[in-house]
Amino acid sequence: MRRHTILPLLSALLAGCLLLAACATVPKNPAGAAAGGWKLSKDAQATYYYLLLEDARRQENATLGEQAVLELLSLDDSPQVFIDCANFFWQAGDAARTRILVEEGQQRHPNNLQLQLLLAQLYLAEQRYDEARTLLEHYLTRNPGDLIARTELATMLVQAEVYEQAMTLLEQTPASIPQEKHPREWQFLRAKALTGLERHKEAVPILKALLKEDPEFLEAWAELAYAYEAMQDFKGAEETYLSIMELGEPSRELILRLAEVNIKLGKPKQALKFVEKGPQDLPTFLPVAGYLLDAGMFDEADAFIDAVLKEHPDFKELWFHKALIQYEGRKDSAKALECLRQIPESSRFHERSQRFSIHLLFEADRTAEALALARASRARYADVSEFWLLEARLLQESGQTEQALDLLRQAQERWSDDPEVLFTYGLVLERAEQRAEAFAVMERILDLEPDNADALNYVGYTLADKGKDLDRAQDLVARALELKPGNDYILDSMAWVRFRQGQIQEAWAIIQQAVVDSKGQPVDDPVIWEHYGDIALALGHTAQARTGYENALKYHHKKPETIRKKLQAL
């Protein structure tokens, strides 16, 4: 897609001025009277200072350059002079002074398009997206018929994923601009905005029309393939990628896209034929192994990896995928661990393999081995917080709560603003029955990350359980449910909030959702079942209350005597 760039053009513009300057007689004295008593004209002075600016650029002399810039602007403050002077600072690597100078030029010449676009680009470089957008919006308000500015703003909106505004901007073109004068780029921007809005079926005919007009419009081909994939029309995506392949030498990315869509079409052999046409290296093989795993093609993935390792035994990273095949496809944790041991410490997958190994050991009730590995990994990867958290969780699971808390206190000193570290610390405090400290930690998380669903749920549930600030509790849990809709624990919290508020019927409706997981199976959380029993009992549903309490015992409630007393009282 053609882009309207300004900064790269500045050198050419400046070079043109300097070429003219080189043809003139250069005085020895700047801007004043010469030795013979004659005085330089404004044009001659400008020529002199342009040459001085070029000399400053060659010498990388900022002081000399600033002098030349000040003199040039005192002689002529036209838009082009601002652009030329800004280019000096840009080439010197001084982005801040470049922006300040362009801002001054833009204020003096608010209707000059080059200055508007240049300043917008500088704002974007500083990640000041809203200011860049506002700048061009104001310019278009004054100059609604400027097609270049409208195109640049639409491009900016699409890149910022503000798709609705981009569509509005392109569709609300002044009637004074006839349809035939609309840039072709607008159609492509419309298509990108439509795909961004997940209106893929509307984007496809626009892209096809563009490609009929220009069969070599590579970006349109890529966008069309993306639209087909988003619609899960993998056949259409494959045909599109093949059309792209006809335009030139296939890239790795193109080979990988063809491999993935063929795997999704259930054609792994065809996928691997495309892989043979691509680079025979690890960055190609790793994603393909992942695609086969994601599709549940464990036998095909295993055969593919074995073939690659036979040819490239040093590609040890593929052993991680073999471990996944054993764990997910064969349900063999022991063999998965054997695969992970093949990954050397020098591999970039080693850290990940250690985390996976710790998980496998713990899952196999080999807690002591898991703890030893977590401790060793923490020593090796001291800057990776996850190993600290893994060790702390294993300590807590093995009954060493104080040691877990000591480790987590050290961790939260190192990563004081890390929500995951703080959340783990809060949970272990909770399990150690240091609930006030745990609550304070969770509130700290919400200060750092107001949309942390787990912390929202914890604080909201805790308030409800204490019968305090129930309105805030409801707001917090409702927000958590927006972030994680259908989550069993958050549904339980909302049921408990409504129960505490006296909204028993609503609580009953919610808790019935909480006790069944996404697959329609009963959840195994004893507290949720206890709440189910309490809410049922409040409504006089004795049979359902009994079911709730019995399931609370079945799933090992931490206070079984309390649950038995509730059962006896029915």
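The values are calculated or read from the model by the stated rules, or taken from the named source; none is laboratory data. Quantities reported herein were computed from a predicted structural model and do not represent experimental measurements. Heads up, the Cβs are rebuilt from the backbone with ideal geometry, glycines too, and the neighbour counts pull from every protein chain shown.
Across segment 363-377, what is the number of residues that are touching a residue at least 24 places away in the same chain (Cβ under 8 Å) and surrounded by fewer than 21 Cβ atoms within 10 Å (Cβ to Cβ)?
Selection size over segment 363-377: 4.
Only one residue in 288, 308 is among the hydrophobic types (A, V, I, L, M, F, W, C) and either farther than 30 Å from residue 362 by Cα or touching a strand residue (DSSP E or B) at 6+ places or on another chain (Cβ under 9 Å) (or both), so which one is that?
Details: 288 fails: either farther than 30 Å from residue 362 by Cα or touching a strand residue (DSSP E or B) at 6+ places or on another chain (Cβ under 9 Å) (or both).
One residue alone meets the criteria, 308.
Which condition number in (1) under 21 Å from the mean Cα position of the chain (by Cα); (2) not in a helix (DSSP H, G or I) is the one that residue 156 fails?
Exception for residue 156: condition (2).
Look through 322, 316 and report the one residue that is outside any helix (DSSP H, G or I), modelled with pLDDT of 95 or more and crowded, with 18+ Cβ neighbours inside 10 Å. Give the derivation first.
Values: 322 fails: outside any helix (DSSP H, G or I).
Checking each option against the conditions leaves just 316.
Can you spot a residue in segment 240-251 that is in contact with a Lys or Arg (Cβ under 6 Å, 6 or more places away or on another chain) and closer than 25 Å to residue 155 by Cα?
Yes, the conditions are met somewhere in segment 240-251.
Here is a list of conditions, (1) under 14 Å from residue 343 (Cα atoms); (2) not in a helix (DSSP H, G or I), and residue 296 meets all of them except one; can you say which number that is?
If we test residue 296 against (1) under 14 Å from residue 343 (Cα atoms); (2) not in a helix (DSSP H, G or I), just (1) comes out false.
I'd like the full set of residues that are among the aliphatic types (A, V, I, L, M) and free of Cβ contacts under 8 Å to residues at least 12 places away in the same chain, limited to segment 163-182. Talk me through it step by step, then tell me what you get.
The initial filter retains those residues of segment 163-182 that are among the aliphatic types (A, V, I, L, M), namely 166-167, 169-170, 175, 177.
Of everything in segment 163-182, just one residue is among the aliphatic types (A, V, I, L, M) and free of Cβ contacts under 8 Å to residues at least 12 places away in the same chain, namely 175.
Got a number for residues in segment 230-280 being more than 21 Å from residue 298 (Cα to Cα) and either in contact (Cβ under 8 Å) with a residue 40 or more places away in the chain or of a type in the set (Asp, Glu) (or both)?
6
Which of the numbered conditions does residue 557 fail, given that it passes all the others? Conditions: (1) without any contact (Cβ under 8 Å) to a residue 40 or more places away in the chain; (2) of a type outside the set (Ser, Thr, Tyr); (3) under 21 Å from residue 491 (Cα atoms); (4) assigned to a helix (DSSP H, G or I).
So the condition that residue 557 fails would be (4).
Pull up segment 522-550, narrow it to residues that are among the charged types (D, E, K, R) and part of a helix (DSSP H, G or I), then point me to the one that is nearest to residue 508 (Cα to Cα). Even if it seems obvious, please write down each step before you answer.
Pass one, segment 522-550, residues among the charged types (D, E, K, R): 524-525, 530, 534, 546, 550.
Imposing the further condition that a residue be part of a helix (DSSP H, G or I) reduces the set to 530, 534, 546, 550.
Numbers: 530: 13, 534: 10, 546: 15, 550: 18 Å.
Among them, the one singled out is 534.
Taking segment 426-473 on its own, how many of its residues are acidic (Asp, Glu), within 25 Å of residue 558 (Cα to Cα) and in a helix (DSSP H, G or I)? Step through it out loud before you land on a result.
Within segment 426-473, the subset acidic (Asp, Glu) is 430, 433, 437, 443, 447, 449, 451, 454, 465, 469, 471.
After this cut, where a residue has to be within 25 Å of residue 558 (Cα to Cα) as well, the list is 430, 433, 437, 454, 465.
Filter once more, so that each one left must be in a helix (DSSP H, G or I): 430, 437, 454, 465.
Looking only at that region, the number is 4.
Could you run through segment 169-184 and say how many residues are out of contact with any Leu (no Cβ under 9 Å at 6 or more places or on another chain) and closer than 19 Å to residue 137 by Cα?
Step one: of segment 169-184, the residues out of contact with any Leu (no Cβ under 9 Å at 6 or more places or on another chain) are 171-172, 174-176, 178-180.
Within this subset, residues satisfying the condition of being closer than 19 Å to residue 137 by Cα are 171-172, 174-176.
Selection size over segment 169-184: 5.
Return the residues of segment 467-512 that are surrounded by fewer than 20 Cβ atoms within 10 Å (Cβ to Cβ) and of a type in the set (Gly, Ala, Ser); say none if nothing qualifies.
Kept after step one, since they are surrounded by fewer than 20 Cβ atoms within 10 Å (Cβ to Cβ), are these residues of segment 467-512: 467-472, 475, 478-479, 482-489, 500-506, 508-509, 512.
Answer for segment 467-512, where residues must be surrounded by fewer than 20 Cβ atoms within 10 Å (Cβ to Cβ) and of a type in the set (Gly, Ala, Ser): 467, 478, 486, 502, 509.
Against the definition (within 26 Å of residue 291 (Cα to Cα), touching a Gly at 6+ places or on another chain (Cβ under 9 Å) and buried (at least 21 other Cβ atoms within 10 Å of the Cβ)), how does residue 237 come out, yes or no? Write out each step before concluding.
Working: within 26 Å of residue 291 (Cα to Cα): yes; touching a Gly at 6+ places or on another chain (Cβ under 9 Å): no; buried (at least 21 other Cβ atoms within 10 Å of the Cβ): yes.
Judged against the criteria, residue 237 is not a match.
Among the candidates 18, 72, 40, single out the residue that is aliphatic (A, V, I, L, M), surrounded by 11 or more Cβ atoms within 10 Å (Cβ to Cβ), more than 44 Å from the chain's Cα centre (by Cα) and modelled with pLDDT of 85 or more.
Of the residues listed, the single one that is aliphatic (A, V, I, L, M), surrounded by 11 or more Cβ atoms within 10 Å (Cβ to Cβ), more than 44 Å from the chain's Cα centre (by Cα) and modelled with pLDDT of 85 or more is 72.
If you go through segment 378-393 one residue at a time, how many are in contact (Cβ under 8 Å) with a residue 12 or more places away in the chain, of a type in the set (A, V, I, L, M) and farther than 15 Å from residue 421 by Cα?
0
Considering (1) under 17 Å from residue 287 (Cα atoms); (2) in a helix (DSSP H, G or I); (3) at pLDDT below 95, say which one residue 257 fails and leave the rest.
(3)
Does residue 118 count as touching a Lys or Arg at 6+ places or on another chain (Cβ under 7 Å) and surrounded by 13 or more Cβ atoms within 10 Å (Cβ to Cβ)?
Values: touching a Lys or Arg at 6+ places or on another chain (Cβ under 7 Å): no; surrounded by 13 or more Cβ atoms within 10 Å (Cβ to Cβ): yes.
Considered against the rule, which asks whether it is touching a Lys or Arg at 6+ places or on another chain (Cβ under 7 Å) and surrounded by 13 or more Cβ atoms within 10 Å (Cβ to Cβ), residue 118 comes out as no.
Of the conditions (1) modelled with pLDDT of 85 or more; (2) buried (at least 16 other Cβ atoms within 10 Å of the Cβ); (3) not polar (S, T, N, Q), residue 124 fails just one. Which one is it?
Result: residue 124 passes all but (1).
Looking at (1) over 20 Å from residue 53 (Cα atoms); (2) within 36 Å of the chain's Cα centre (by Cα), which one does residue 109 not meet, given that it meets all the others?
(2)
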